[in-house]
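The values are calculated or read from the model by the stated rules, or taken from the named source; none is laboratory data. Bear in mind the structure is a predicted one, so any value in this text is a computation, not a measurement. Quick reminder, even Gly has a Cβ in these numbers, built from the backbone with ideal geometry, and neighbours come from all protein chains shown. For the accessible areas, the whole protein counts, side chains as well, though only heavy atoms, and no ligand, DNA or RNA atoms are used. Shrake-Rupley method; radii C 1.70, N 1.55, O 1.52, S 1.80 Å.
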Amino acid sequence: MQLRDDPFLSIANKIPNKYIENNKRNIVGYYCTYIPEELLEAADLIPFRIRATGNEDTNKADTYMVRFTCSFVRSTLNLALDGVYDFLDGLFVCNSCDHSRRMFEIFDMVVFKREGFNKNVPRFYIAIPHILTEEGYQWFYGEISELKNNLEKVYNVKISDDKLNDTIKLYNRNRKLMREIYELRNLNHPKLTGTEALQLAIANSSVPKEIANRELERLLGIFREREGLNIDDKKRILLIGSVVDNAKFTELVESSGAIIVSDNLCFGKKTIMEDIDSNSSKSPLERIAKRLYYRNPSCPRSMDDHKRRLEFVKNQIKIANVDGVLLQRITNCDLHGCDNMLFEHELKELDVPVFNIDRENFQSDYTRFQTRIEAFLEMIR
Amino acid sequence: MTNRNVLSGETENKLIPYEMVLNSIGSTRELVERILPKGEIESLKIGAKAIEQIVRTSVEKAKQGLPVIGHHFAFQREYLYCFDCVPICIEGTSYLLSALLPDGVERFYDVMLSWGHPFHTCTSQKGVMGMTLEDLFSFDAIITPTAPCDNTFASYPFFEYKDVPLVIPDIPYLHEEKSYEYYGEQLRLSLEKLGKIIGQEPDFEKMKKHIEIENQVNSVQLELLELRKAKPSPVENMFNAISAGVAVFASGTPEKLDFYEKYLEIAKKRYKKKQEYGKEERIRSIWPYMLIFFDLSLCEYLDREIGMSVLFDIFNYNFSNTVNTKGDLDTLFFDMARRGMNFPMMKESTEFYYPFIENCVQLAKDFSADCFVFTSHLGCKQFGSVPQVLREALREEVGIPMLIIDLDVGDKRFTSTKIIKDKINMFSKTVL
């Protein structure tokens, strides 16, 4: 039974969805997974991860972003200039990368100044350290605390500890469900494809979490009951690198003779592997900050954390019984480009075939790309 | 003094590229001194001399066994003088060699590309990375802040992979008082950590003396900037490129102060005589970003063929604060942090665009600029979404145009000098 057309998974194929269209709560967009979703939820906001699914050209955005910039971020800007993100009631940006952090200014100076757009959309920015130290954590916690105060003022809400604890429970439950489903990918006969896993992660970041949890429970039951996939002629692949927000990309890989059994992606394992400590005596805000700051696996923006990322990758190769590693980056993504460069050399010692490739967010030269993937898969014994 | 070399008794040459710099800058200096008449490209004559002196001293000190410390250009070299060490600027070395070597440093870029370094990642690091991969450099440690860009935190872990200890003071991407406190503490902790790696205690009293030199340089730089409000500008275009080199290579040294003082005298004389450099000044341009480094002759071409003054580039209009060296250590490091965070490119990169755009508009007015030329460098994604909004602001608020050129400031193969000249030439005709 193919689930890719399941109503919940289909949310991943477009930007708006019925759950946010018919909701009375404020919907806020965020660019990066280092934004504390639990805090936004506790402010009675619905966090929506900004993405560019379905966008095929960047004509409008190219005016404001030079061609050396990331086509994913440029595509999100293009959608915003087309009005697709007009439903947002707030925007959250952090200094995750040079491309996305500048959306703070560009949305202000261009998107929200478009003719005919009269909505007042509050913007929030947090500065996140690029290294993992106690001093860095204290800085980050300060930023999160300030954000909490700003949210209370701007949206006229009170964010109590009780409310934060409730959202921590909600989000921990969500991550646990995601992990339980994702573990079914490790099996000799995985219960879901990499494409379905990606769709799940995208849909999960696009709807209120109480709805997501209900849907994930339903889907977990289905996946468990489902027969394992016949993958006898497929290579088990670990997919790593820049953001993937389009199921067509994973479909392309999987239709070339692979099954993506694990990943280290933003819409994927990067956000679900660790929970917020619920037994600690620390305040809920501190616990939220701690998990996010020390998150494993981290983004390559954490300059001194490459070794932990490498360990995560090695561990995934083992537990998911991986045949080959596909390192990919969106062209102009220096962060993943350099992290992948090091992985490529470091993974040689494991004798696992590695393929390092760059791509655009919208893959127009589909056939050339597929040929390269197929050639890699053929190399794997 | 303990470092890898001394302990092991090795006599390896740890900084071959610096000898390349020394040889090439030496011959350049000799050529311009011997060939050019008085008054012609004076900045190159005195700048080459300053850089040559500094590099010669560095080479000698490295041979004596002092630890070789690589640093990002955004980490102020004068701060490293709390140690007996040889500071090597990673980005400065890549680009100075790009300017001086007849074939540039593209060969080293290609070495790194073959190793997997992405083509779009900044050549300022790629050059020295390639030299390190070929064992031409041997650093005892490297220090870099976490700014100004993705390239910094993406590329520098390569050095760690090559077993070079990496020290990373974190810079917040936010300009508030608390940012300077945080970065000041990061600077102090990082210098202490670096000291442990090279087996030395940081001597902050010694460092202060070098910072004080920079404080003096600052006032000369401001005076020079002020002179450029004059029509015609008494400062030749080449000064911008050379002063960027001197700023990076000789920071915190008497040689740097000497360079600026000597050039100030030259500029003052020209100012008094209302004398211009090169052809009649027909167009006054501001380059809010960088000049190209792979072909410095562009500066002379603009002065002599087009009559376009480059009033200043990013390294020549944007001077951070002086540092109070008379207070306690907390005050010292707070000011050092403020200086570091307001350093050219760091200032623009670690805060929002708004002040950058406001500054550009104000500079255009104050310096009677006719146009802007924005060099959109392949590596600099942090500036990737500013050119158009800046162009619109200049058009609306000052009524002047801005040319945007996509290029790699260190790689002539990406956009050649010819294409750059052609574009500027055509643009200048629309300005006149």
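Just so you know, in the stretch A:340-370 the residues that are open to solvent by less than 10 Å² (accessible area, probe 1.4 Å) and in a helix (DSSP H, G or I) include one that is farthest from B:D150 (Cα to Cα), and it is A:F369. Any idea which of B:P202, B:P288 is open to solvent by less than 40 Å² (accessible area, probe 1.4 Å) and more than 23 Å from the chain's Cα centre (by Cα)? Unique residue meeting the criteria: B:P202.
Looking at the stretch B:307-333, which of its residues are aliphatic (A, V, I, L, M), surrounded by fewer than 22 Cβ atoms within 10 Å (Cβ to Cβ) and within 21 Å of B:A267 (Cβ to Cβ)?
First, the residues of the stretch B:307-333 that are aliphatic (A, V, I, L, M): B:308, B:310-311, B:314, B:323, B:329, B:332.
Then drop every residue that is not surrounded by fewer than 22 Cβ atoms within 10 Å (Cβ to Cβ), which leaves B:314, B:329, B:332.
Once the filter is applied, which keeps residues that are aliphatic (A, V, I, L, M), surrounded by fewer than 22 Cβ atoms within 10 Å (Cβ to Cβ) and within 21 Å of B:A267 (Cβ to Cβ), the stretch B:307-333 yields only B:I314.
Number of residues in the stretch B:183-199 that are open to solvent by 20 Å² or more (accessible area, probe 1.4 Å) and either touching a residue at least 40 places away in the same chain (Cβ under 8 Å) or of a type in the set (S, T, Y) (or both) equals 4.
Against the condition within 14 Å of chain B (Cβ to nearest Cβ) and not in a loop (DSSP other than H, G, I, E, B), how does A:G221 come out, does it pass?
Numbers: within 14 Å of chain B (Cβ to nearest Cβ): no; not in a loop (DSSP other than H, G, I, E, B): yes.
The answer is no for A:G221.
Within the stretch B:50-78, restricting attention to residues that are of a type in the set (D, E) and either surrounded by fewer than 24 Cβ atoms within 10 Å (Cβ to Cβ) or assigned to a loop (DSSP other than H, G, I, E, B) (or both), which residue is nearest to the chain's Cα centre (by Cα)? The extreme case among them is B:E52.
Just for the stretch A:226-257: of the residues that are hydroxyl-bearing (S, T, Y) and over 21 Å from A:K270 (Cβ atoms), which one is most open to solvent (accessible area, probe 1.4 Å)?
In the first step, residues of the stretch A:226-257 are kept if they are hydroxyl-bearing (S, T, Y); the result is A:242, A:250, A:255-256.
Subsequent filtering for residues that are over 21 Å from A:K270 (Cβ atoms) retains A:255-256.
Values: A:S255: 74, A:S256: 18 Å².
Out of the qualifying residues, it is A:S255.
Looking only at the stretch B:245-263, residues that are farther than 13 Å from B:Q53 by Cα, touching a Gly at 6+ places or on another chain (Cβ under 9 Å) and open to solvent by less than 10 Å² (accessible area, probe 1.4 Å) come to 1 in all. Per the conditions (1) within 14 Å of another protein chain (Cβ to nearest Cβ); (2) open to solvent by 20 Å² or more (accessible area, probe 1.4 Å), the sole criterion not satisfied by A:R301 is (2).
Scan the stretch B:105-123 for residues that are open to solvent by 10 Å² or more (accessible area, probe 1.4 Å), within 14 Å of another protein chain (Cβ to nearest Cβ) and part of a helix (DSSP H, G or I) and jot them down. Passing the criteria: B:V111, B:L113, B:S114, B:W115. Residue check: B:L136 meets all listed conditions (1) farther than 25 Å from B:P169 by Cα; (2) surrounded by 24 or more Cβ atoms within 10 Å (Cβ to Cβ); (3) out of contact with any Asp or Glu (no Cβ under 9 Å at 6 or more places or on another chain) but one, namely (2). Taking the stretch B:143-222 as the region of interest, the helices (runs of 4 or more DSSP H) fully inside it that hold 2 or more residues being of a type in the set (A, V, I, L, M, F, W, C) and more than 12 Å from every other protein chain (Cβ to nearest Cβ) are B:177-198. Restricting the stretch A:124-162 to residues that are within 14 Å of chain B (Cβ to nearest Cβ) and charged (D, E, K, R), which is least open to solvent (accessible area, probe 1.4 Å)? Applying the filter and picking the extreme gives A:E143. For the condition at pLDDT 95 or above, surrounded by 17 or more Cβ atoms within 10 Å (Cβ to Cβ), facing chain B (nearest Cβ under 9 Å) and over 30 Å from B:L189 (Cα atoms), A:V121 does not qualify. Looking at B:P401, is it surrounded by fewer than 19 Cβ atoms within 10 Å (Cβ to Cβ), in contact (Cβ under 8 Å) with a residue 24 or more places away in the chain and either within 24 Å of B:S233 (Cα to Cα) or touching a Cys at 6+ places or on another chain (Cβ under 8 Å) (or both)? For B:P401, the condition - surrounded by fewer than 19 Cβ atoms within 10 Å (Cβ to Cβ), in contact (Cβ under 8 Å) with a residue 24 or more places away in the chain and either within 24 Å of B:S233 (Cα to Cα) or touching a Cys at 6+ places or on another chain (Cβ under 8 Å) (or both) - is met.
Of the residues that make up the stretch B:319-333, is at least one touching a residue at least 24 places away in the same chain (Cβ under 8 Å), within 20 Å of the chain's Cα centre (by Cα) and not in a loop (DSSP other than H, G, I, E, B)? No, the stretch B:319-333 contains no residue that is touching a residue at least 24 places away in the same chain (Cβ under 8 Å), within 20 Å of the chain's Cα centre (by Cα) and not in a loop (DSSP other than H, G, I, E, B). The one condition from (1) out of contact with any Gly (no Cβ under 8 Å at 6 or more places or on another chain); (2) free of Cβ contacts under 8 Å to residues at least 12 places away in the same chain that A:F343 does not meet is (2). Here B:I242, B:I211 are screened, and the one residue that is open to solvent by 10 Å² or more (accessible area, probe 1.4 Å) and in contact with a Gly (Cβ under 9 Å, 6 or more places away or on another chain) is B:I242.
Restricting attention to the stretch A:155-173, the residues that are in a helix (DSSP H, G or I) and either touching a His at 6+ places or on another chain (Cβ under 8 Å) or in contact (Cβ under 8 Å) with a residue 60 or more places away in the chain (or both) add up to 12. Take the stretch B:88-140 and flag every residue that is touching a residue at least 24 places away in the same chain (Cβ under 8 Å) and on the phi > 0 side of the Ramachandran plot. Within the stretch B:88-140, just B:G104 meets the criteria. When each of A:I319, A:I373, A:I380 is tested for being open to solvent by 20 Å² or more (accessible area, probe 1.4 Å), closer than 21 Å to A:P190 by Cβ and in contact (Cβ under 8 Å) with a residue 12 or more places away in the chain, the lone residue that passes is A:I319.
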